[in-house]
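The values are calculated or read from the model by the stated rules, or taken from the named source; none is laboratory data. Predicted model only: the values in this text are computed from it and were never measured. Please note: Cβ atoms are built from the backbone with ideal geometry, for glycine as well, and neighbour counts cover all protein chains shown.
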Amino acid sequence: MTEFVFRDDSYIRSLPTLVTAVTPEGGIVLDRTIFYASSGGQPGDTGRLERADGSFIDIAGTVHPDGDKAAILHMPAQGAPQLRAGDEVIAHVDWERRYRLMRMHTALHLVTVVLPYPITGASVGDDKGRVDFNLPDAPDAAEIESKLNDLVSAAHPVGAEWISDVELEANPGLIKSMNVKPPVGQGRVRLIRIGDVDLQPCGGTHVRNTSEIGPLKLGKIEKKGAINRRVTVLFG
């Protein structure tokens, strides 16, 4: 089982690690990784693996194989040199992209604070993100943007804590999403706490303080169904 180092510290940019397997499709399995795999609306990380001879293998994306959330495949770019089990490498995440995803993912959590409605979908991008809500009436865009930026400038600390699968089952109110299940099945679930304003299950990467997000600008508020609204957020 791969150790997900990013869950404990999403600010680590480089990490010595060991190749434990290479799939027939070329997916690289590491004994520990700082690369987040695509899930929960957040895209997988990109970056490079540095070989012992100083050469690099570009990683075009990272995924969970066949929905197995306990494993991560690091997918090399087309034409990249092959690795073998037992090779020692240094993983380097594309930090600029990762940090923007961290900022945006945390910003979307704040959107769910300002709009406390059931979530029907979400997508995190490195320049914009969106959350879909079970919300029949269009909210006031200017008011949302103002409240979002107030939460950002309030400099709320952002941290992680863990509860068991059983504890989460006993507290269904923690789950805001209607159709994306929290990452359960491994005995415990990670919660992301933002100061005293938000607490919800999440396996993604986040900044340590809301002040790191920076100014936000509200994009479109689109009607996606009779009782569904899509709210888009951009960096200011």
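Quick one: in segment 201-218, of everything that is part of a strand (DSSP E or B) and at pLDDT 95 or above, which residue is nearest to residue 69 (Cα to Cα)? Per the stated criteria, the residue is 209. All of (1) in contact with a Pro (Cβ under 9 Å, 6 or more places away or on another chain); (2) hydroxyl-bearing (Ser, Thr, Tyr); (3) crowded, with 18+ Cβ neighbours inside 10 Å hold for residue 46 with one exception: (1). Scanning segment 27-69 for residues that are within 16 Å of the chain's Cα centre (by Cα) and aromatic (Phe, Trp, Tyr), we see that the one that is farthest from residue 17 (Cα to Cα) is 36. Of all residues in segment 61-82, those satisfying the criterion of being modelled with pLDDT of 95 or more and closer than 11 Å to residue 27 by Cβ are 61, 62, 63, 72, 73, 74, 75, 76. Across segment 164-194, the qualifying residues are those that are within 20 Å of residue 115 (Cβ to Cβ) and polar (S, T, N, Q), and the one among them that is modelled with the lowest pLDDT is 179. Within segment 5-37, the residues that satisfy the criterion of being within 19 Å of residue 192 (Cα to Cα) and at pLDDT below 95 are 7, 8.
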